[in-house]
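The block underneath contains the structure these notes are about, expressed in structure tokens.
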Amino acid sequence: MNIPFVDLKTQYLSLKGEIDKAIFDVIEDLSFVGTSNNKYVSEFENKFSEFTTAKYCIACANGTDSLEISLKALGIGIGDEVIVPSLSWIATSEAVSNIGATPVFVDIEPEYYTIDVNKIEEKITTKTKAIIPVHLYGHPADMEKILKIASKNNLKVVEDCAQAHGAKINGKVVGTFGDLGSFSFFPGKNLGAFGDAGGIVTNNEALAKACRMISQHGQLDKKHYHYIEGRNSRMDGIQASVLNVKLEYLTRWNDLRNEKALLYSNLLNGLPIQLPKGKSGNFHAFHLYVIRCECRDDLMKYLGERGIATAIQYPTSLPFLEAYKQGKHIKEHFPISYEYQSKILSLPIFPELTSEQVVFITDQITGYFSK
Ligand SMILES: *Cc1c(COP(=O)(O)O)cnc(C)c1O
């Protein structure tokens, strides 16, 4: 049995009629680019703010831009420092550098892979302006503690929700805890377009306005009236129309991800591997189902030979990337993320993954450990 890491084809085929129509509507209307009067983009912004319960949603070109625009809207720039977790996709720290500030890495905590809230305060300096918690793999970061630290130290909070659309803490959707919530709609994310797309949510009107201006050349509603210099970061009409269709299914898809995760965990229980955990009160969006074991590389090879695609998110944690070598980071400063980079393995998880496929995968893993 060949099992892909994600299966966007099956998802497309299950919605083909709806999606094809949505795309053709945009073409018929020539509503290609998300300027302020693009009805598909506005519809998505309204729907997504409703989904997250945030007052405002600003669509933009991708999830890296949504981080950069958020930081800029907060007035962060040259000479400032922003705290980020040591384990994330590079976009999180890259966004900080791209606006002229410096990312300051904090190790992750060992159970949930999110930023270790007990190690944040020791990294705060007079230059620190913000924290970017990442809800990595779909598990919410500890927002209660992060917000406490932020308010005590007068810091802003931008949540990186790129892997956590619909994840919740005590019933409240992530993205609405911090000053701003940043989302990516890259095709493989829990809510994915057919190309690049991103979005920002906030309850703060002034920040919403600032994000809107930055993303569309400093304009708000009046064409050729530029309040500031901004940039070009618009969502395409076609991407918005695909997202409008798919957003209706997101809750169901997240539930299916959870069902598959639970099945994995039941079937893998008792093997010498660490299974993903969800903190009580949290709803895990299971963008990824990440296990840990000593024999990661060997197990990955074994599963690959049996047709099962797996991945590593991420094989090198941020401080140890070539891109950050000037920081001369040492493993003693990031012991958890350093240790985990050789142990973590992401198994296939997507809403269309069948129970039979999960059973096949877990049978192979059980077989590996009994050989
Ligand atoms: C995907 C991702 C991003 C960036 O999103 P793009 O849309 O690819 O720019 C940012 N942060 C995290 C944690 C991600 O997984």
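The values are calculated or read from the model by the stated rules, or taken from the named source; none is laboratory data. As the structure is a prediction and not an experimental result, all values here were calculated from the model. Cβ coordinates were reconstructed from backbone atoms using ideal geometry, including for glycine residues, and neighbour counts include every protein chain displayed. What goes into the accessible areas is simple: the full protein's heavy atoms, side chains included, and nothing from ligands, DNA or RNA. Shrake-Rupley method; radii C 1.70, N 1.55, O 1.52, S 1.80 Å.
The distance separating the Cα centre of the range 64-119 from that of the range 310-371 comes to 21 Å. Bridge orientation summary for the range 1-156: considering DSSP beta bridges with both residues in this region, about 10 percent are antiparallel. Between S151 and I78, the modelled labels are 3.5 nm apart [label points 7 Å from Cα along Cα→Cβ]. Computed extension gain for K127 through S97, at 0.36 nm per residue and net of the alpha carbon distance, reaches 9.4 nm. Convex hull volume per residue, computed on the Cα atoms of the range 56-100, equals 80 Å³. Backbone phi angles across the range 83-88, fed through the Karplus curve with coefficients 6.51, -1.76 and 1.60 (θ = phi - 60°), yield HN-Hα couplings of 7, 9, x, 6, 10, 5 Hz in residue order; Gly and Pro are listed as x.
Would you mind telling me the antiparallel percentage of the DSSP bridges in the chain, rounded to 5? Don't skip to the answer; put the middle values down first.
Working: 22 of 37 bridges.
Bridges in the chain are about 60 percent antiparallel.
Sorting the segments 314-322, 17-25 by their mean number of nearby beta carbons within 10 angstrom, highest to lowest, gives 314-322, 17-25.
Which order do the peptides 256-263, 128-135 take when ranked by the mean count of other beta-carbon atoms within 10 Å per residue, highest first?
Details: 256-263: 18.2, 128-135: 25.9.
Ranking the peptides 256-263, 128-135 by packing returns 128-135, 256-263.
For the listed residue pairs K127/K156; K246/K279; K145/K277; K260/K371, the alpha carbons are over 22 angstrom apart in K246/K279; K260/K371.
Straight-line cross-link reach from K168 at under 16 Å between alpha-carbon atoms covers these aspartates and glutamates, not counting any fewer than eight positions away in the same chain: E50, D142, E144, E159, D160, D255.
Rg ratio for the chain: its Cα radius of gyration over 2.2 N^0.38 Å, N being its residue count, equals 0.99.
Farthest toward the positive end of the dipole of the chain, out of L13, V84, N282, is the Cα of V84, where the dipole comes from beta carbon charges about the Cα centre. The loop-placed GluC sites (Glu not before Pro) in the range 28-133, going by DSSP, that have at most 16 neighbouring Cβ atoms within 10 Å of their Cβ come out as E111. Remark on the range 226-356: Rg and Dmax equal 19.2, 61 Å (Cα only).
The length gained by stretching the chain between L30 and H333 to full extension, at 0.36 nm per residue less their Cα-Cα distance, is 103.8 nm. Filter the cross-link list K72/K189; K16/K72; K55/K152; K39/K223 down to pairs whose alpha-carbon distance in this structure exceeds 27 Å. With Cα atoms farther than 27 Å apart: K16/K72. As a fraction of the 1.4 Å probe accessible area of the chain, surface on carbon and sulfur atoms comes out at 51 percent.
What the chain shows is 43 Å² of accessible area per residue, with the surface traced by a 1.4 Å probe over protein heavy atoms. Ranked by the mean number of other Cβ atoms within 10 Å of their residues, highest first, the peptides 157-164, 144-151 come out as 157-164, 144-151.
What number, rounded to the nearest 500 deg cm²/dmol, is the helix-based mean residue ellipticity at 222 nm of the chain, given -39500 (n - 2.57) per DSSP H run of at least four residues and division by all its residues? Could the numbers behind the result be given before it?
Working: 12 runs with 137 residues, N = 371.
Taken over the chain, the calculation gives -11500 deg cm²/dmol.
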